[in-house]
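First comes the structure, then the notes that go with it.
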Amino acid sequence: MSLLLSLTNVTKKYGEKTALENINLNVHEGEFLAVIGPNGAGKTTLLKIMAGIEAPTKGEIGYKGKNVTGNLEVLRRGCTMVFQRTVTFNTTVFKNVAYGLRIRGYSEKEIKNMVKKALELVELKGYENHHARRLSGGEQQRVALARALVLNPELLLLDEPTANLDPKNALIIEDAMARVNREANTTIVMATHNLFQAKRLPNRMALISNGQINDFGEPEEVFGKLSKSLVAFAALENTFSGKAEASENGTTVIDVGNNVKITSTEKARGKVLVFIRPEDIILSKHPISSSARNIFK
């Protein structure tokens, strides 16, 4: 894959506060990169610099082999960004999604066809005349994603796109991201604190903490070595390796040995790692009423 975007020794300061420090990162054409880390780690600032919305205090930004640090407009033309906080215009879904196309001078026939495809991708077919701000939060986020996708960006930047969404809307957005990455070869960088997304969706992932990248590589590699930074971020004190198989009721059953099997709603097969956070464990001397799938005596 060809190099699309590069950050070299990038530092970003806001007054005396350092948001990013000496970031070195390469993003290749067609890849799906996840940036994971806790709140305040610098994820959003990193995406804004990648989008050309913010200029670095120090360092260089490269785009398609050229230094664009002093000409961020070139970068802005090639990418779109979807923010965590959904912003929709006070009009119909169609006009929301069509806005960028009209600014760029597309014909009404082209706009109609492109908007139709974008809405189908996020499963909002038939919503063209609905008022965007009367939709649910998840549906509005899908409108925002369609508005970004309709422009066919070379680089799509997503800031926690499924945070606080219900499972149905989150799954639709995840499927849309995976599809455009796979079928349109759209390069995607997604900030998230969702470990399941970070393990399932991207080709590579970067773990950021206190404005610095502490770990980088393929998800299996990063999760497999369980670095101190990953353990600290995710509170992964309880780890098990096992073999996953699909069950008849749609869940996944993981055999971790010693006659212990763990049930999960996450889809997986073959060799897996299981992480159980301490706060998800309940100890009781007597049976309790709970929706928990895994109960051990």
- request: Please give the number of the condition residue 88 fails out of (1) in a loop (DSSP other than H, G, I, E, B); (2) under 19 Å from the mean Cα position of the chain (by Cα); (3) surrounded by 17 or more Cβ atoms within 10 Å (Cβ to Cβ); (4) of a type outside the set (Asp, Glu).
  value: (2)
message: Show the residue pairs meeting these rules: Cβ distance below 8 Å; 6+ apart or different chains; first residue within the range 82-93 and farther than 25 Å from residue 191 by Cβ; second residue at pLDDT 85 or above and of a type in the set (Lys, Arg).
response: 90/133
- prompt: Yes or no: residue 222 in contact with a strand residue (DSSP E or B) (Cβ under 6 Å, 6 or more places away or on another chain), of a type outside the set (Lys, Arg) and in a helix (DSSP H, G or I)?
  reply: yes
task: Could you tell me whether residue 76 is surrounded by fewer than 19 Cβ atoms within 10 Å (Cβ to Cβ), without any contact (Cβ under 8 Å) to a residue 24 or more places away in the chain, under 20 Å from the mean Cα position of the chain (by Cα) and at negative phi?
output: no
message: Tally up the residues in the range 270-297 that are touching a strand residue (DSSP E or B) at 6+ places or on another chain (Cβ under 7 Å) and at pLDDT 80 or above, please.
response: 2
- line: Those residues of the range 1-39 that are among the acidic types (Asp, Glu), under 22 Å from residue 80 (Cα atoms) and without any contact (Cβ under 8 Å) to a residue 24 or more places away in the chain come to a total of 0
statement: From the option list 70, 42, 65, single residue qualifying as surrounded by fewer than 18 Cβ atoms within 10 Å (Cβ to Cβ), in the same structural domain as residue 28 (by TED's automatic domain parsing) and touching a residue at least 60 places away in the same chain (Cβ under 8 Å) is 65
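Please find, within the range 119-156, the residue that is nearest to residue 184 (Cα to Cα) out of those that are assigned to a loop (DSSP other than H, G, I, E, B), free of Cβ contacts under 8 Å to residues at least 40 places away in the same chain and not aliphatic (A, V, I, L, M). Walk me through it before giving the result.
If we filter the range 119-156 for residues that are assigned to a loop (DSSP other than H, G, I, E, B), which is where we start, we get 122-130, 135-136, 150-154.
Filter once more, keeping what is free of Cβ contacts under 8 Å to residues at least 40 places away in the same chain: 124-130, 136, 152.
Right, trim to not aliphatic (A, V, I, L, M) and you get 125-130, 136, 152.
Details: 125: 20, 126: 23, 127: 24, 128: 23, 129: 27, 130: 28, 136: 28, 152: 8 Å.
Going through the qualifying residues, I end up with 152.
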message: Given the criteria without any contact (Cβ under 8 Å) to a residue 12 or more places away in the chain, under 20 Å from residue 223 (Cα atoms) and outside the structural domain of residue 197 (by TED's automatic domain parsing), does residue 280 qualify?
response: yes
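Suppose we keep only residues that are in a helix (DSSP H, G or I) and in contact (Cβ under 8 Å) with a residue 40 or more places away in the chain within the range 46-62. Which one would you say is farthest from residue 17 (Cα to Cα)?
Of the residues in the range 46-62, the ones in a helix (DSSP H, G or I) are 46-51.
Now narrow it down to the ones that are in contact (Cβ under 8 Å) with a residue 40 or more places away in the chain: 46-47, 49-51.
Working: 46: 15, 47: 18, 49: 16, 50: 20, 51: 21 Å.
In this case the residue turns out to be 51.
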- prompt: Which of the residues that make up the range 240-266 are outside any strand (DSSP E or B), surrounded by 12 or more Cβ atoms within 10 Å (Cβ to Cβ) and not polar (S, T, N, Q)?
  reply: 256, 260, 266
- request: Could you please tell me which pairs satisfy a Cβ distance under 9 Å, a separation of 6+ or placement on different chains, a first residue in the range 203-219 that is part of a strand (DSSP E or B), and a second residue that is of a type in the set (Lys, Arg)?
  value: 205/199; 208/43; 214/228; 215/225; 216/204; 217/204; 217/225
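Please state which one of 58, 48, 95 is at pLDDT 95 or above, under 19 Å from the mean Cα position of the chain (by Cα) and more than 18 Å from residue 202 (Cα to Cα).
48
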field: Unmet requirement for residue 169, which otherwise passes all of (1) touching a His at 6+ places or on another chain (Cβ under 8 Å); (2) under 28 Å from residue 265 (Cα atoms)
entry: (1)
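The values are calculated or read from the model by the stated rules, or taken from the named source; none is laboratory data. Here the structure is a predicted model, which means the values were calculated and not measured. Glycine also receives a Cβ, built like all others from the backbone with ideal geometry; neighbour counts cover every protein chain displayed.
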